[in-house]
Each structure stands twice: as structure tokens, then as C-alpha cells.
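See below for the structure under consideration.
Taken together, the values in this text are just the output of simple stated rules run on the coordinates, not laboratory data. The structure displayed is predicted, hence computed values, not measured ones. Glycine also receives a Cβ, built like all others from the backbone with ideal geometry; neighbour counts cover every protein chain displayed.
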């Protein structure tokens with residue numbers, strides 16, 4: 001190849017360059033052939049792809065829930081719960097004072113506690129504070145004492161609401177925890193008895209309150225082209241309580257529903 005060049009000088013330089021470069025090129029090719037290949041991991045053919053988590057957020061604010069309470073009182077009626085002597089072990093004193101009326105018939109004086117829209121300057125409502133839900137409950141009621149007559153009372157209860165999600169039943173419930181009760185119209189000697197009766201009645205008769213049921217938490221998505229349907233199933237409900245509002249972060253999973 002060098003003899004075909006017209007210039008002897010250029011031919012010499014070309015041949016010298018080839019002779020100098022060829023050993024390095026040959027050595028590099030040899031190293032590439034003997035260098036071990038790096039192993040790369042590929043997903044298995046039968047491995048199912050991970051399904052990303054799906055989350056939805058529902059926001060409830062104080063005006064909405066309090067408007068719901070207003071509609072309950074005006075369009076349905078005031079909820080009432082029976083009181084029972086069996087719910088307390090404290091005896092009723094015969095010297096209950098002037099707060100007792102001469103009404104011994106239980107039909108005229110039922111032993112009940114009735115939730116009221118407002119009583120003693122306190123309105124039944126739901127308030128969202130930072131990290132907790134509080135709900136003052138106004139109430140009135142009457143308590144029939146055998147051989148003594150009827151005691152009528154009114155007041156309000158300080159309560160805290162705790163949320164709980166049941167994954168099996170797909171229900172978000174609230175539990176009303178009575179912290180304190182303020183009573184009016186009850187003699188001092190009978191105050192402790194009625195307080196216990198009212199607290200036991202509220203604890204056992206109100207709880208639990210179902211906020212969101214399965215029908216509101218789940219949804220079925222028919223996909224005809226894929227030959228079936230997917231159903232949203234709540235795995236977790238995480239409440240975020242902010243001043244004035246409640247955010248429910250619902251984590252969903254997709255399940256086949258053919």
C-alpha cells in the first residue's frame with residue numbers, strides 16, 4: 001500500500017503511523033474480547049407489575065355538618081334516648097328537694113334525654129380544632145323517680161369525637177366521648193345520679209355514629225373492553241383535622257369484580 005503513494009515522504013509517514021497505531025488498536029480489541037460483560041437484571045416474564053396506590057381526599061367543613069344538624073332538628077325531629085335506673089348503682093335519695101314534681105306516672109314523665117338544637121346558651125354543633133373534633137351537645141330530659149315524682153332537667157355535654165375506620169365493613173365511624181356534663185334544674189343530692197344516667201345514655205345510645213358507609217366509600221368501574229370491572233376498595237382512611245375543616249385521605253386498592 002505504501003508503494004502506491006506518489007510521494008516517498010508521505011508514504012513513509014503513513015506507514016510509520018500505521019505501524020505505531022496497530023499495536024495499540026490490537027491490544028484494545030483483545031481487552032474488549034476478554035473483558036467480562038456486566039450482568040443486567042431484567043424483570044421476570046411472569047412477574048405482575050406493581051399497581052400504584054390511589055388516593056382520594058374528601059373535605060368536610062363546619063358549615064356543612066352544622067347545616068346537616070340544623071336540617072335534622074327542623075325537618076326530622078330531636079333525637080331522644082331512654083334513661084335507665086339499671087345504668088347506675090347510686091341510690092336515689094328521698095330528700096331531693098323542691099325540684100321534684102308530683103308526677104309519678106311514667107307516661108307523663110318518661111325517663112329520657114333529648115338532644116336539643118340549643119339549651120342554656122349552648123348550641124349543638126361540630127367544631128374542628130387543630131388535631132381534634134369537639135361537639136357540645138345541648139339536651140333536656142326528665143327522670144321519673146318511683147314514689148317521688150318527676151325531675152325535669154336541661155344542660156349540655158362537652159364531648160370529643162374520635163374517628164375509626166373498619167376495613168372489613170368498609171365503614172368510617174365516629175365515637176362520641178363525653179368529657180363533662182353541665183346540668184340545670186336538678187337538686188344537688190340528685191345531681192350525681194342524673195349526670196351518670198345522662199352520660200351512660202349518651203355513650204351507649206349515640207355510639208357509634210356511621211359517617212361514611214360502604215356505599216359512599218366504594219365504587220364499581222365497568223370496563224367492557226377488558227371483559228370485566230374493577231372495584232375501588234378502601235384500604236385506609238387517614239383523617240387530617242384542621243381548624244374549621246376535616247380532610248379524609250382515603251387510600252384505595254383496585255380489585256377485580258367480574
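Here residue 156 fulfils each of the conditions (1) closer than 21 Å to residue 80 by Cβ; (2) part of a helix (DSSP H, G or I) apart from (2). When residues in the stretch 166-189 are screened for being touching a residue at least 40 places away in the same chain (Cβ under 8 Å), farther than 30 Å from residue 215 by Cα and touching a strand residue (DSSP E or B) at 6+ places or on another chain (Cβ under 7 Å), 4 of them pass.
Here residue 133 meets each of (1) touching a helix residue (DSSP H, G or I) at 6+ places or on another chain (Cβ under 8 Å); (2) assigned to a strand (DSSP E or B) with one exception, condition (1). The criterion of at least 2 residues that are touching a residue at least 12 places away in the same chain (Cβ under 8 Å) and farther than 30 Å from residue 114 by Cβ is met, among strands (runs of 3 or more DSSP E) falling completely within the stretch 190-255, by 219-223, 228-242. Given the criterion closer than 28 Å to residue 155 by Cα, exposed (fewer than 14 other Cβ atoms within 10 Å of the Cβ) and within 16 Å of the chain's Cα centre (by Cα), identify the matching residue among 240, 210. Exactly one residue qualifies, and that residue is 210. Looking at the structure I just gave you, is residue 178 out of contact with any helix residue (DSSP H, G or I) (no Cβ under 7 Å at 6 or more places or on another chain) and either surrounded by 15 or more Cβ atoms within 10 Å (Cβ to Cβ) or over 28 Å from residue 251 (Cβ atoms) (or both)? It is false that residue 178 is out of contact with any helix residue (DSSP H, G or I) (no Cβ under 7 Å at 6 or more places or on another chain) and either surrounded by 15 or more Cβ atoms within 10 Å (Cβ to Cβ) or over 28 Å from residue 251 (Cβ atoms) (or both).
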